[in-house]
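First the structure, in the form of structure tokens, and then the observations on it.
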Amino acid sequence: MTGAINADLPLYDERRPEMRMRPLKAWHHFRKLLRDKENTEEVFYIFEALPWRNLRAKAERFLRSERGQALRAKEPYLPAILDDHAALRAMPAGSLAHAYCDFMEREGLSAQGLVDEFEKFASKRERFEDQFLWYLNRMRDVHDMLHVLTGYGRDALGEACVLAFTYSQQPSPAHLFIGYLAGMNINKQTRRSAPVLRAVREGQRLGKACPRLCEQSITELLPLPIEEVRRRLNITPAERYREAHTIWSGMGIDPYDLLGKNASKLAA
């Protein structure tokens, strides 16, 4: 879905299967994720196994609102907006748009790249065309924007904290399942040398203060100074995450290589 919004789509296709809690399946895919943390498809399986029970009700409430329909018409497909770096770079220096481009270019990421990863998973499932799909897509497509706004990096702890933050906005148990289990794994690798689980809990707390990002107008936020956006969304600094990085830096541990040679030295 990359073009104009189809106004005739049903709000929710009743043929969609009801999601069931399957914790053993979630555990199976989490173990596979630990073996290859870049295998994003495993994350989608975990979310399927640990669904947000009230998602339909929350999505329908927003989609029935005047604001929800206006946003759906204005921003039909976020990846097309977010991957137009030429347009984003034309916005003022110091804006969220520039910070987002800096992050995505530094990390070698694109919004469409996450869509492509999801499609590997979705291709094995029946497809449904409804307005609910637009809402589902936005929840996925704002993930990297949350990294930019919160300051959490793409290291293992940063990803765990972003998931905990997101849980407070989109309470799928999968967010906490991955976030806290990842935190426990990091603690094991680093011999509890830093406030890892406190950082994850802090992420969860910070997310409670922030309105649901997928329901915000991203095109209105992008031109604004990033600090102004953070103030508007009540996003405050992640102190425990920064503390963990400072501790690891003093120990010669690279937080982006916790499962690599540096962590191996700790375990020796």
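The values are calculated or read from the model by the stated rules, or taken from the named source; none is laboratory data. Remember, it's a predicted structure, so these values are computed and weren't measured experimentally. Positions of Cβ are backbone-derived with ideal geometry, glycine not excepted, and every protein chain shown enters the neighbour counts. Just the protein is used for accessible areas: all its heavy atoms, side chains included, with ligands, DNA and RNA removed. Shrake-Rupley method; radii C 1.70, N 1.55, O 1.52, S 1.80 Å.
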Which whole-percent values make up P(r) of segment 144-268 when all C-alpha to C-alpha distances are grouped in 10 Å steps starting at zero? 14, 44, 29, 12, 2, 0
Exposed GluC sites (Glu not before Pro) being those in a DSSP loop with at most 16 other Cβ atoms within 10 Å, the longest stretch of the chain free of them is 130-268
Could you rank 32, 188 by how accessible they are, 1.4 Å probe, largest area first? 188, 32
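Carbon and sulfur atoms: what percent of the 1.4 Å accessible area of the chain do they account for?
C and S atoms contribute 52 percent here.
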Considering only 244, 156, 87, give the residue with the highest GNM mean-square fluctuation for the chain, with springs between Cα atoms whenever their separation is below 10 Å. 87
Solvent-accessible area of residue 212 with every protein chain in place, 1.4 Å probe, in Å² to the nearest 10: 50 Å²
Per residue, how much accessible surface does segment 127-268 expose to a 1.4 Å probe? Answer in Å², no decimals. 42 Å²
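Hey, what's the Cα Rg ratio for segment 62-151 versus the globular rule of thumb, 2.2 N^0.38 Å? Numbers along the way, then the final one.
Numbers: Rg = 14.4 Å, N = 90, 2.2 N^0.38 = 12.2 Å.
Dividing the Cα Rg of segment 62-151 by 2.2 N^0.38 Å gives 1.19.
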For a quick size check, give me the Cα extents of segment 1-128 along its three principal axes, largest first, whole Å. 48, 41, 23
Can you pull the accessible area of residue 178 for me, 1.4 Å probe, Å² to the nearest 10? 10 Å²
Rg and Dmax of segment 52-204, Cα atoms, in Å? 17.0, 51
So which of 25/208; 32/188; 37/120; 25/124; 32/124; 58/208 end up more than 22 Å apart, counting from Cα to Cα? 25/208
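DSSP loop (so not H, G, I, E, B), at most 13 other Cβ within 10 Å: list which trypsin sites (Lys or Arg not before Pro) in segment 85-125 pass both filters.
On the way: sites: 89, 106, 120, 124, 125; in loops: 124, 125.
Passing both the DSSP loop test and the Cβ count: 124, 125.
Kindly sort 104, 184 by accessible area of their heavy atoms, largest first, with the probe set to 1.4 Å. Kindly include the intermediate steps, with their values, before the conclusion.
Values: 104 0, 184 110 Å².
Ranking 104, 184 by accessible area, largest first, yields 184, 104.
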If ligands, DNA and RNA are left out, what is the accessible area of residue 208 with a 1.4 Å probe, given in Å² to the nearest 10? 150 Å²
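Leaving ligands and nucleic acids out of the surface, order 139, 19 by accessible area at 1.4 Å, largest first. Intermediate results must be reported in sequence, preceding the final value.
On the way: 139 35, 19 85 Å².
Output order, biggest surface exposure first: 19, 139.
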